[in-house]
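A short write-up of the structure that comes next.
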Amino acid sequence: RTQAEMAHTCRGTINLSTAHIDTEDSCNIVLSNGGRTYHLKANSEVERQRWVTALELAKAKAIRMRNNQSDDSGDEEPASQSDKSELHGTLKTLSSKLEDLSTCNDLIAKHGAALQRSLSELENLKLPAESGEKIKAVNERATLFRITSNAMINACRDFLDLAETHSRKWQRALQYEREQRIRLEETIEQLAKQHNSLERACRGAPGLSSGSTGITSTAKAGSVQSAKGEASDEDEETEYFDAMEDAPAFITVTADPKHHRRSGSNLSGASEGHPEDWNLEDSVFESSNQSSYNESTCKDLLPKKRRRTRIPDKPNYSLNLWSIMKNCIGKELSKIPMPVNFNEPLSMLQRLTEDLEYHELLDKAVKCESSTEQMCFVAAFSVSSYSTTVHRTAKPFNPLLGETYELDRLEEFGFRSLCEQVSHHPPAAAHHVYSKRGWTLWQEITIASKFRGKYLSIMPLGAIHLEFHSSGNHYVWRKVTSTVHNIIVGKLWIDQSGEIEIVNHKSKDKCQLKFTPYSYFSRDVPRKVTGVVSDADGKAHYVMSGTWDEKMECSKIVQSSHGSTSTEGKQKTVYQTLSPKVLWKKYPLPENAENMYFFSDLALTLNEPEERVAPTDSRLRPDQRLMESGRWDEANVEKQRLEEKQRAVRRRREAEAVEALEEGKDYEGYIPLWFERKVDAVTGELICIYKGGYWEAKDKQDWSACPDIF
């Protein structure tokens with residue numbers, strides 16, 4: 001399919017050019033693309049092989065078509081007035097050359113006729129027979145030469161006629177495309193100005209900046225749809241607008257446990273909890289007293305090894321963003337060549353590892369005896385991964401295929417992490433973390449991104465798995481959509497929006513979290529996150545509330561009931577809760593962070609040079625290292641070299657795949673080095689899971705299996 005056709009496919013369509021095709025057994029086929037997986041079953045092994053061959057051929061064809069479209073799309077500007085002048089100049093030059101050829105033809109005809117007359121006169125002379133034959137042969141050759149030259153002139157004249165005819169068609173087509181591009185640019189610029197003026201007007205309007213104090217939570221309980229992470233084609237083309245503030249689906253009321261009387265409650269159908277269970281001595285929940293929170297966490301986070309606390313300041317280079325981005329509207333972000341001016345000196349693998357900044361939340365979750373209590377810490381951990389993004393508007397480096405990143409903090413914090421870039425188109429990274437304190441986390445994340453003119457949407461696809469060793473509790477959730485606003489006009493800012501459903505597949509507990517998108521007309525606190533933790537029977541136990549850039553709190557529910565019905569006909573649930581406890585609070589940024597890409601303390605250490613790492617480690621990437629040092633011009637040159645090297649490897653691999661398919665042989669394509677593709681038993685998706693061997697290779701310093709990517 002072409003790009004235009006792909007934009008209007010039915011729901012559930014898989015793009016073969018980026019799909020993974022695997023076989024489970026003699027009859028089953030697994031098709032996987034991002035967060036979507038299909039299991040197909042053939043009648044026999046022969047039929048399965050025929051389908052696999054047909055799918056592989058179709059995939060190779062789709063890849064060629066995609067590459068051709070990518071090559072054709074280019075960065076060519078539409079025909080301008082100078083282009084028209086150049087076209088007319090070319091046609092004028094062709095006409096001039098044709099006139100020269102006509103003149104030469106006339107001269108050839110004139111001299112050819114004179115030559116033929118001379119030869120005829122020689123032929124009439126009484127010469128030996130042998131000389132007469134030679135003169136006759138020369139005469140015939142002269143005639144052929146004149147005929148050939150006339151044919152050449154006629155062909156040149158036909159070519160000029162065709163060029164003039166088609167040039168008019170090309171000119172009309174180019175003029176139409178130019179008008180469309182100009183109209184689109186004017187529309188986007190107008191929208192951006194309206195957007196900016198509306199923002200200023202709303203900020204200055206009375207009554208919209210004051211916060212609301214009555215209702216503390218607006219997430220939907222029980223009826224929130226799970227965020228499956230499957231970005232369908234319809235979803236990609238949908239543009240969402242700010243709406244007026246929604247009525248809350250539940251209301252929380254703080255109760256005093258000393259005066260709370262369950263027997264005297266007149267709440268019908270209430271589910272009751274025990275306030276005496278909310279005990280600081282018997283619970284691993286933190287006190288809301290922030291000083292004790294800071295003391296306990298900061299002591300745990302003191303590193304045993306001294307690590308760097310700053311990097312070179314970001315250079316102040318000016319760059320016209322619109323001049324680059326106006327040619328990128330509607331394109332996949334990962335396919336747009338960008339200078340390092342838009343980057344930060346970290347790769348996407350390092351940004352993925354940065355999710356572990358608040359790993360101590362999982363260490364505390366290990367100690368929980370109640371699965372619903374443990375769910376609260378897991379929910380707080382899932383929110384904490386977004387805290388570093390609030391000021392981070394720069395783009396991380398796209399990892400090269402086969403690039404890895406390790407973070408070995410086994411002695412300091414009890415965990416070690418490994419990431420590997422397992423696919424380039426679509427870009428996908430596999431991540432595995434093992435903690436000796438009792439938990440393991442793994443994920444495969446595919447990043448889908450679209451530039452829409454006014455904003456940039458970043459949609460992580462794929463599930464995150466977390467398993468606790470002692471209890472066997474297995475949690476699965478997916479990330480929400482990140483949006484970068486004010487791409488054209490104004491200051492860049494990031495928002496997180498969507499819903500997360502965290503499921504414990506052992507106990508069937510659930511947590512529904514809602515990330516409320518920013519709205520000019522909302523009186524809620526910005527970046528708000530709310531949710532409810534419920535057990536397998538649907539009974540709510542805890543209310544989660546906070547913001548994704550500052551802190552998350554948890555309140556134990558002692559009673560719940562169905563309240564009044566809203567104007568939309570939805571019945572609200574009233575939760576009576578105890579005082580909230582702070583589970584997580586963001587660490588303050590280091591001094592001078594605004595000049596160091598707003599990096600956190602952990603982010604400052606991620607690209608710190610280390611010995612004994614794999615030769616494919618992101619720390620060794622030269623363009624990223626040059627950028628961190630402030631040598632951006634050299635970094636841009638090095639970035640182009642690495643990308644061209646990767647493209648050459650990709651073209652060679654595609655040629656090998658086509659050759660193998662034509663010969664009827666199987667071609668496995670790129671095989672990850674430290675991960676292997678398996679069907680996940682919980683989600684049924686085909687994901688990359690760590691197969692072992694990396695840390696053993698590091699101990700032996702045997703990196704012979706690593707590819708040469710830098």
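Based on alpha-carbon atoms, the Kirkwood radius and the radius of gyration of region 484-638 give Rg/Rh equal to 1.11. Starting from region 653-710, pick out the GluC sites (Glu not before Pro) whose DSSP state is loop and whose Cβ has at most 11 other Cβ atoms within 10 Å. Hits after loop and neighbour filter: Glu663, Glu668.
What translational diffusion coefficient, to the nearest whole µm²/s, does region 564-710 have by Stokes-Einstein, given a Kirkwood radius computed over alpha-carbon pairs, a temperature of 20 °C and 1.002 mPa s viscosity? Numbers along the way, then the final one.
Values: Rh = 21.3 Å.
D = 100 µm²/s.
Kirkwood Rh, region 634-688, all Cα pairs: how many Å? Before the final figure, lay out the partial values.
On the way: mean 1/r = 0.0710 Å⁻¹.
One decimal place: 14.1 Å for the Kirkwood radius.
The solvent-accessible area of Trp170, taken with every protein chain present and a 1.4 Å probe, is close to 150 Å². The figure for Ile135 is an accessible area of roughly 20 square angstrom, using a 1.4 Å probe on the protein chains alone. When all protein chains stay in place and ligands, DNA and RNA are ignored, the 1.4 Å accessible-area order of His20, His505, largest first, is His505, His20. Residues whose amide H lies under 5 Å from that of Val480, counting only those 5 or more places away or on a different chain, are absent; hydrogens are built 1.01 Å from N in the peptide plane. The length gained on full extension between Arg310 and Asp161, counted as 0.36 nm times the residue separation minus their Cα-Cα distance, comes to 46.8 nm.
Highest mean packing comes first when the peptides 584-590, 185-191 are listed by Cβ atoms within 10 Å, giving 584-590, 185-191.
The charge dipole of region 16-65, taken about its Cα centre with unit charges on the Cβ of Lys, Arg, Asp and Glu (plus for the first two, minus for the last two), comes to roughly 300 debye.
Rounded to the nearest 10 Å², what accessible area does Arg117 show when all protein chains are kept and the probe is 1.4 Å? Roughly 150 Å² of Arg117 is accessible to a 1.4 Å probe.
Using a 1.4 angstrom probe with every protein chain in place, what is the largest-first accessible-area order of Asp161, Asp680?
Accessible-area ranking of Asp161, Asp680, largest first: Asp161, Asp680.
Each of His469 and Lys506 was given a label point 7 Å from its Cα along the Cα-to-Cβ line. The distance between the two points is 1.3 nm. Placing unit charges on each Cβ (+1 for Lys and Arg, -1 for Asp and Glu) gives region 16-65 a dipole about its Cα centre, and among Leu31, Asn43, Ala62 the Cα reaching farthest toward its positive end belongs to Ala62.
I want to verify the translational diffusion coefficient of region 16-65 in µm²/s; compute it with Stokes-Einstein, Rh as the Kirkwood radius over Cα pairs, at 25 °C and 0.890 mPa s.
For the chosen part, D equals 221 µm²/s.
Pairs of Cα atoms nearer than 8 Å and 6+ residues apart set the relative contact order; for region 16-65 it is 37 percent. Kirkwood's formula applied to the C-alpha pairs of region 131-189 gives a hydrodynamic radius of 15.8 angstrom. Each residue of region 542-623 gets 228 Å³ once the volume of the Cα convex hull is shared out per residue.
The values are calculated or read from the model by the stated rules, or taken from the named source; none is laboratory data. Given the structure is predicted, the values throughout are model-derived calculations rather than measurements. Glycine gets a Cβ as well: all are built from the backbone with ideal geometry, and neighbour counts include every protein chain shown. Side chains included, ligands, DNA and RNA excluded: accessible areas come from the protein's heavy atoms. Shrake-Rupley method; radii C 1.70, N 1.55, O 1.52, S 1.80 Å.
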